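The values are calculated or read from the model by the stated rules, or taken from the named source; none is laboratory data. The shown structure was predicted, so the numbers you read here are calculated from the model rather than taken from an experiment. For neighbour counting, all protein chains shown are included, and Cβ atoms are generated from backbone atoms with ideal geometry for every residue, glycine included.
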Amino acid sequence: MKMTSSMRHLRLLLSAAALAACACQSVAGDRLQFEGVPLESGETLLAHAAVNPAGQMQLDLGQQGVVTISPWPKALPRQLQAQYATLRQTMHPAGPLQSLLLRTAEGKEPWLTLVANGGLNWGVLPGIRLRAAAGGGVRIAGLKTDLPVAPGETVKFRDGAMHCWQFSLLAVRLPQGRVGISQEGEARADWYLRGDVAC
């Protein structure tokens, strides 16, 4: 079969995409992935959710389908009772930025924020942001003093209202430059923030 110019072009594009996918160096654990996120974000009441034997959390959103989050962080609850879930996905040159917010049926604010492929200028809480730090980690800025966090590390801090929070940096992906390939240069991170803990 003779290769047409459009087939050669497609082959070159696929090769470039494969190289770009390998162009990030991951620090710490496996990449957090959300599959099946609806196009429109909205809050859905989940009756129950559980982690399956493969380490995936599956959230049944009814008519919007099932969202699978893997690997589900081991330090988070393996079973969820009645929860309101908000899933968001924003397209980005470095891949989709995805997040899950969970709040109890009685709660007004989320007790959990889980982020996959987030940028390092993310607002964690009002007035508190993530910033890049030396060595491939991040620092939590906006506290009395910045709090450094290394990949795979979990820290606790209090906000201005003295509420205790737990932040866990699951992984950071640092872009590795490739000659002749244009790519997004910002580091990306997977992390979660819990508000149901004590300091």
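Determine whether Trp111 is surrounded by 17 or more Cβ atoms within 10 Å (Cβ to Cβ), at pLDDT 95 or above and aromatic (Phe, Trp, Tyr).
No, not satisfied.
Looking at region 133-156 only, could you name the residues that are assigned to a strand (DSSP E or B) and either in contact with a Phe, Trp or Tyr (Cβ under 6 Å, 6 or more places away or on another chain) or modelled with pLDDT under 90 (or both)?
Leu147, Val155
For region 32-91, what are the residues that are in a helix (DSSP H, G or I) and of a type in the set (S, T, N, Q)? Before the answer, list the steps.
Of region 32-91, the ones in a helix (DSSP H, G or I) are 62-64.
Gln63, Gln64 - these are the residues of region 32-91 that are in a helix (DSSP H, G or I) and of a type in the set (S, T, N, Q).
Outside any strand (DSSP E or B), at positive phi, at pLDDT below 95 and surrounded by fewer than 17 Cβ atoms within 10 Å (Cβ to Cβ) - does that describe any residue in region 176-186? If you could, list the steps in order and put the result at the bottom.
At the first step, the residues of region 176-186 found to be outside any strand (DSSP E or B) are 176-186.
Keeping just the survivors that are at positive phi gives 180.
Subsequent filtering for residues that are at pLDDT below 95 retains 180.
Next, only the ones that are surrounded by fewer than 17 Cβ atoms within 10 Å (Cβ to Cβ) stay: 180.
Yes.
Out of (1) within 25 Å of Gly95 (Cβ to Cβ); (2) surrounded by 14 or more Cβ atoms within 10 Å (Cβ to Cβ), what's the single condition that is false for Asn121?
So Asn121 meets the others, but not (2).
In region 151-172, which residues are of a type in the set (A, V, I, L, M), free of Cβ contacts under 8 Å to residues at least 24 places away in the same chain and under 30 Å from Glu35 (Cβ atoms)? First the steps, then the outcome.
First pass over region 151-172, keeping only residues of a type in the set (A, V, I, L, M): 155, 161-162, 169-172.
With the extra rule that they be free of Cβ contacts under 8 Å to residues at least 24 places away in the same chain, the set shrinks to 155, 161-162.
Within region 151-172, just Val155 meets the criteria.
If only one of Ala20, Ala85 is in contact with a strand residue (DSSP E or B) (Cβ under 6 Å, 6 or more places away or on another chain) and either crowded, with 16+ Cβ neighbours inside 10 Å or modelled with pLDDT of 85 or more (or both), which one is it? Write out each step before concluding.
Values: Ala20 fails: in contact with a strand residue (DSSP E or B) (Cβ under 6 Å, 6 or more places away or on another chain).
Going through Ala20, Ala85 in turn, the sole match is Ala85.
For region 92-108, name all the residues that are of a type outside the set (A, V, I, L, M, F, W, C) and either part of a strand (DSSP E or B) or crowded, with 21+ Cβ neighbours inside 10 Å (or both).
Passing the criteria: Gln98, Ser99, Arg103, Thr104.
Could you grab me the full set of residues in region 117-132 that are in contact (Cβ under 8 Å) with a residue 40 or more places away in the chain, hydrophobic (A, V, I, L, M, F, W, C) and either assigned to a strand (DSSP E or B) or over 26 Å from Ser70 (Cβ atoms) (or both)?
Val124, Leu125, Leu130, Ala132 - these are the residues of region 117-132 that are in contact (Cβ under 8 Å) with a residue 40 or more places away in the chain, hydrophobic (A, V, I, L, M, F, W, C) and either assigned to a strand (DSSP E or B) or over 26 Å from Ser70 (Cβ atoms) (or both).
For region 126-142, name all the residues that are aliphatic (A, V, I, L, M) and surrounded by 15 or more Cβ atoms within 10 Å (Cβ to Cβ).
Ile128, Leu130, Ala132, Ala133, Val138, Ile140, Ala141
Picking from Trp165, Trp191, which residue would you name as being surrounded by 15 or more Cβ atoms within 10 Å (Cβ to Cβ), under 14 Å from Gly127 (Cβ atoms), at pLDDT 90 or above and of a type in the set (Phe, Trp, Tyr)?
Trp165
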